[in-house]
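Following: one structure in structure tokens, then a few remarks.
The values are calculated or read from the model by the stated rules, or taken from the named source; none is laboratory data. Since this is a predicted model, take the numbers as computed values, not measurements. Because the Cβ atoms are built from the backbone with ideal geometry, glycine has one as well, and the counts that use them run over all protein chains shown. Quick note on the areas: whole protein, heavy atoms, side chains included, nothing else; ligands and nucleic acids left out. Shrake-Rupley method; radii C 1.70, N 1.55, O 1.52, S 1.80 Å.
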Amino acid sequence: MSFENFYQVIEAVKELPPCRLCVAAADDEAVLEAVRDSRREGLVDFTLIGPEEKIWRMAMKVSLNLQGINIIDLTDPIAAANCAVKEVAGGRADILMKGMVNSSDFLRAVLNPENGMRRDRILSHLAIYEVPGYYRLIYLTDGGLNVSPNLDQKKVILQNAIEFLHSVGLAEPRVAILSANEKVDPKVPATVDAHTLKEMASHVFPGAVVDGPTPLDIAVSLEAALHKGIDSPVAGKADLLMAPNIEAGNLLGKAIIYFAGARMAGLVLGALRPVILTSRNEPPMGKMASIALAAYSVARSKKC
């Protein structure tokens with residue numbers, strides 16, 4: 001199943017078993033606005049961890065009704081992060097979300113083996129974009145975490161993303177390994193890595209169609225592929241774009257938002273459960289869409 005927009009994801013979540021989201025250091029107005037909006041839509045149940053008195057004050061300010069929401073009173077943000085990770089790892093919550101805690105401290109809590117949420121793989125970022133005029137959501141990895149991944153790291157980043165796409169109903173996602181052109185050039189390491197990932201796809205990435213190196217225009221435009229005479233199984237219909245490094249992914253993502261007027265959701269993958277780590281300036285809708293996508297993934301897994 002391919003979603004056209006975030007509204008469809010939000011509506012689909014309502015048809016599935018409920019999940020619980022745990023917010024680490026929940027004394028954050030922007031996060032509480034997302035909690036408010038998500039609760040109004042009936043997307044998930046919530047556990048909020050942080051200074052209870054401050055959370056109540058902020059909740060009143062953003063018109064969030066805290067009745068029925070579980071609150072664990074912890075004033076130290078690092079302690080709150082570790083507690084939230086343990087709640088998810090222990091099965092008392094299904095999704096983890098960052099609040100008013102430093103990102104490095106938050107991720108350190110996720111990766112702490114004593115907290116029980118770490119898996120034997122690196123974390124990676126997956127961005128999801130709703131682009132005006134484009135016929136469906138499109139996914140991009142990794143423009144948020146891994147700076148200059150080597151081939152082995154790219155393999156895991158791709159595995160993380162493909163597993164998530166399977167979990168949200170894309171049975172055979174089409175993946176474009178991005179580069180500046182479609183030819184393999186030893187002087188351009190990204191093209192060599194892309195070709196290698198394509199060659200290993202059949203046995204390493206089952207249930208996905210992977211092609212690369214693939215220029216961006218070919219990935220999203222069949223007309224461009226036909227004009228250039230490029231025969232690619234993902235031409236014009238790529239579900240997932242894989243950037244060669246964080247600079248390319250970050251720049252492409254910001255261009256999609258600021259030039260194309262897109263809305264973005266984002267998740268961190270590779271841990272035991274989905275992790276929501278959004279930017280401070282992320283609009284409430286982007287945060288709610290991130291919650292909806294994580295909840296849809298987890299709830300479908302529960303249902304299966």
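Residue 90 passes every criterion in (1) in contact (Cβ under 8 Å) with a residue 60 or more places away in the chain; (2) among the small types (Gly, Ala, Ser); (3) open to solvent by 10 Å² or more (accessible area, probe 1.4 Å) apart from (1). Taking (1) modelled with pLDDT of 95 or more; (2) farther than 21 Å from residue 279 by Cα in turn, residue 67 satisfies each apart from (1). In the set (1) surrounded by fewer than 19 Cβ atoms within 10 Å (Cβ to Cβ); (2) under 15 Å from the mean Cα position of the chain (by Cα); (3) not acidic (Asp, Glu), residue 137 fails one condition alone, (1).
Picking from residues in segment 105-134 that are closer than 22 Å to residue 283 by Cα and at pLDDT below 95, the one that is nearest to the chain's Cα centre (by Cα) is 134. Here residue 78 meets the list (1) aliphatic (A, V, I, L, M); (2) farther than 21 Å from residue 118 by Cα; (3) open to solvent by 40 Å² or more (accessible area, probe 1.4 Å) almost entirely, failing just condition (2). I'm trying to understand the selection: among the residues of segment 186-200, which are touching a Leu at 6+ places or on another chain (Cβ under 9 Å) and either open to solvent by less than 10 Å² (accessible area, probe 1.4 Å) or among the polar types (S, T, N, Q) (or both)? Once the filter is applied, which keeps residues that are touching a Leu at 6+ places or on another chain (Cβ under 9 Å) and either open to solvent by less than 10 Å² (accessible area, probe 1.4 Å) or among the polar types (S, T, N, Q) (or both), segment 186-200 yields 194, 196, 197.
Would you confirm whether or not segment 2-22 contains a residue that is assigned to a loop (DSSP other than H, G, I, E, B), within 18 Å of residue 282 (Cβ to Cβ), at pLDDT 95 or above and under 24 Å from the mean Cα position of the chain (by Cα)?
Looking for residues that are assigned to a loop (DSSP other than H, G, I, E, B), within 18 Å of residue 282 (Cβ to Cβ), at pLDDT 95 or above and under 24 Å from the mean Cα position of the chain (by Cα), one finds at least one in segment 2-22, hence yes.
The residues in segment 236-266 that are touching a helix residue (DSSP H, G or I) at 6+ places or on another chain (Cβ under 8 Å), touching a residue at least 40 places away in the same chain (Cβ under 8 Å) and not polar (S, T, N, Q) can be counted, and the count is 14.
Among the residues making up segment 268-304, a single one is without any contact (Cβ under 8 Å) to a residue 12 or more places away in the chain and either farther than 22 Å from residue 145 by Cα or under 12 Å from the mean Cα position of the chain (by Cα) (or both): 304.
Every condition in (1) of a type outside the set (A, V, I, L, M, F, W, C); (2) without any contact (Cβ under 8 Å) to a residue 24 or more places away in the chain; (3) open to solvent by 10 Å² or more (accessible area, probe 1.4 Å) holds for residue 183 except the one numbered (2).
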